[in-house]
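*Asks:* Have a look at this one before I ask anything.
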Amino acid sequence: MKTCAGRLLDKVAAFCRQEKLIHPGDHLLIACSGGPDSLTLLDILASLRHVWNLTLTVCYVHHGIRPSADDEVGIVRKAAEERDCSFMWDFADVPRIAAGTHQSLETAGRNERYRILRQCAVRCHASAIAVAHQQNDQAETVLQHLLRGSGLRGLGGIRPKNGDIIRPLLALTRRDIEDYIKERGLVPCEDETNQSRDYGRNRIRLELIPQLEAYNPAVIADLNRLAVLAGADEDFLASQTEQLASSLVKEDQDGVSIGKRALLSQPLALQRRLIRYLFSCVRQSCHDVPFHFTEAVRQLAAKGAGHCFEGLGLCVYTTKERLCFTRAARGEFKKRQRH
């Protein structure tokens, strides 16, 4: 009979196969802070190394927030060496960056972490970056997005694979990881900021989820199922949007445009998605497009020529037949309308 740790290894291996996270001969960069989740990730991937003939490199990112991180660099280095893994680390002054960019410590830390991880992945020629998000993290993410009024994209939470990022531990809960650590005799580092209620994410974990579990003890599993369902629907609608855009959207030196009649003939969900697609063509990002922006542009599409809406650095205007997106200022819009 297999031990608990053995069963969890099998669970992670099966999840990686199902989601096509790992391929034979891959070189993985493992993001490891030394905490319970990332130390478990390191130990599990090292234990499964022979299954896919993996090369493993461990990377620690020092955020310049906690003095204890100075010691953690050496602890993670030792954990990597004990498992015959290469080791890298880098430093980011997150408090300074957050202050200079007017971001929260959470946002600046996340952005710097992924920037450094990707730089290190290039340096060591890794094919993917493994991070240690697990099912409780997924539940927290879904709740965080829900509280912000997110659509399907946000309710889909964090994906098992997102470009160069893979998340093998989405097969496990926090309780699974605690059991694994105990059986394997691992000694993780403790991040004291995890107990601080100054961070919104921590308040969700420490306050909101325990309250929800009083109503529904299976809330973690149910929120993970919601993420899976919403993610599949999001992927389908995104593919439909891409197909429509390939035939409806035109691009020129000034920006992009779509026929007003063609846009408004689509189902409402696709109208909104096409508008976000047009936005992304000009801004190279469709994140943080407010709902009222999308609705204002939809209403603009029902008007005749010569109408304009400006917001988020864009000018959206109408001609007789088309809805046009450009970075041009209003003065440039008026100039175009005279021609």
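The values are calculated or read from the model by the stated rules, or taken from the named source; none is laboratory data. Since we're looking at a predicted model, the values are computed, not measured. Cβ sites come from the backbone with ideal geometry, for glycine too, and all protein chains shown count toward neighbours. We work out accessible area using only protein heavy atoms, side chains counted, and drop any ligands, DNA or RNA first. Shrake-Rupley method; radii C 1.70, N 1.55, O 1.52, S 1.80 Å.
*Asks:* Taking all protein chains as present, what is the carbon and sulfur share of the accessible area of segment 1-118, in % to the nearest whole number, probe 1.4 Å? Kindly include the intermediate steps, with their values, before the conclusion.
*Replies:* Numbers: 2980 of 5690 Å².
Carbon and sulfur together cover 52 percent of it.
*Asks:* For helix 268-283, report the angle its Cα long axis makes with the longest principal axis of the Cα atoms of the chain; keep it between 0 and 90° and round to the nearest 10°.
*Replies:* Helix 268-283 and the main axis of the chain meet at about 80 degrees.
*Asks:* Taking amide H positions as placed 1.01 Å from N in the peptide plane, with prolines and chain starts having none, which residues 5 or more places from CYS189, or on another chain, fall under 5 Å of its amide H?
*Replies:* For CYS189, whose amide H was placed from the backbone, the distant partners under 5 Å are GLY35.
*Asks:* Right, here's the next one. Just to check I understand the Karplus step: with θ = phi - 60° and J = 6.51 cos²θ - 1.76 cosθ + 1.60, what whole-Hz values come out for segment 178-192, glycine and proline as x?
*Replies:* 4, 5, 4, 4, 5, 5, 7, x, 7, 10, x, 7, 10, 8, 5
*Asks:* Additional query: How much accessible area does ASP137 have with a 1.4 Å probe, in Å² rounded to the nearest 10?
*Replies:* 20
*Asks:* Also, quick follow-up: Given H placed 1.01 Å from N in the peptide plane, which residues other than close sequence neighbours of ALA128 have an amide H under 5 Å from its amide H?
*Replies:* HIS27, LEU29
*Asks:* Given (i) -0.49, -0.74, -0.88, -1.48; (ii) -0.78, -0.93, -1.01, -1.30; (iii) -0.61, -0.85, -0.96, -1.35, which label gives log10 I(q)/I(0) by the Debye sum over Cα atoms at q = 0.09, 0.11, 0.12, 0.16 Å⁻¹ as computed from the coordinates?
*Replies:* (iii)
*Asks:* A further question on this structure: Mean residue ellipticity at 222 nm from the helices of the chain, using -39,500 (n - 2.57) per DSSP H segment of n ≥ 4 over the full residue count, to the nearest 500 deg cm²/dmol? Mind dumping the intermediate values first?
*Replies:* Details: 16 runs with 181 residues, N = 339.
Result for the chain: -16500 deg cm²/dmol, rounded to the nearest 500.
*Asks:* Give me the 1.4 Å probe accessible area per residue for the chain, excluding ligands and nucleic acids, in Å². Could you put the intermediate results ahead of the total?
*Replies:* Details: 17720 Å² over 339 residues.
Using a 1.4 Å probe on heavy atoms only, each residue of the chain averages 52 Å².
*Asks:* If you roll a 1.4 Å probe over segment 204-308 with all protein chains in place, what percent of the accessible area is carbon or sulfur? Numbers along the way, then the final one.
*Replies:* Details: 3150 of 5950 Å².
About 53 percent, which is the carbon plus sulfur part of the accessible surface.
*Asks:* Still on this structure: Just how much of MET88 is accessible, in Å², when a 1.4 Å probe is used and the result is rounded to the nearest 10?
*Replies:* Its accessible surface works out to 30 Å², give or take rounding.
*Asks:* Continuing with the same structure: Skipping prolines and chain starts, which residues have an amide H placed within reach, meaning under 5 Å, of the one on VAL256, given they are 5 or more residues away or on another chain?
*Replies:* Hits under the 5 Å cutoff: PHE325.
*Asks:* I'd like the antiparallel share, as a percent to the nearest 5, of DSSP beta bridges with both residues in segment 1-133. Working shown, then result.
*Replies:* Values: 0 of 14 bridges.
Around 0 percent antiparallel, to the nearest 5.
*Asks:* Looking at the chain, identify the longest residue range that excludes and avoids all GluC sites (Glu not before Pro) in DSSP loops having at most 13 other Cβ atoms within 10 Å. Provide the component values of the computation, followed by the final result.
*Replies:* Details: sites that count: GLU190, GLU321.
Free of exposed loop sites, the longest segment is 1-189.
*Asks:* Let me ask you something else. Taking only Cα atoms, what is the 0 to 90° angle, nearest 10, from helix 69-82's long axis to the longest principal axis of the chain?
*Replies:* So the inclination is approximately 70 degrees.
*Asks:* Quick one: helix 135-147 against the long Cα principal axis of the chain, what's the angle to the nearest 10°, folded into 0 to 90?
*Replies:* Long axis of 135-147 versus the principal axis of the chain: about 30 degrees.
*Asks:* Next question, about the same structure. Counting only pairs 8 or more residues apart or on different chains, how many lysine pairs in the chain have their Cα atoms under 16 Å apart?
*Replies:* 11
*Asks:* Dipole magnitude of segment 1-64 about its Cα centre, charges +1 at Lys/Arg Cβ and -1 at Asp/Glu Cβ only, in debye to the nearest 20?
*Replies:* Values: 6 positive and 5 negative charges, 44 e Å.
Taking the Cα centre of segment 1-64 as origin, the dipole is about 220 debye.
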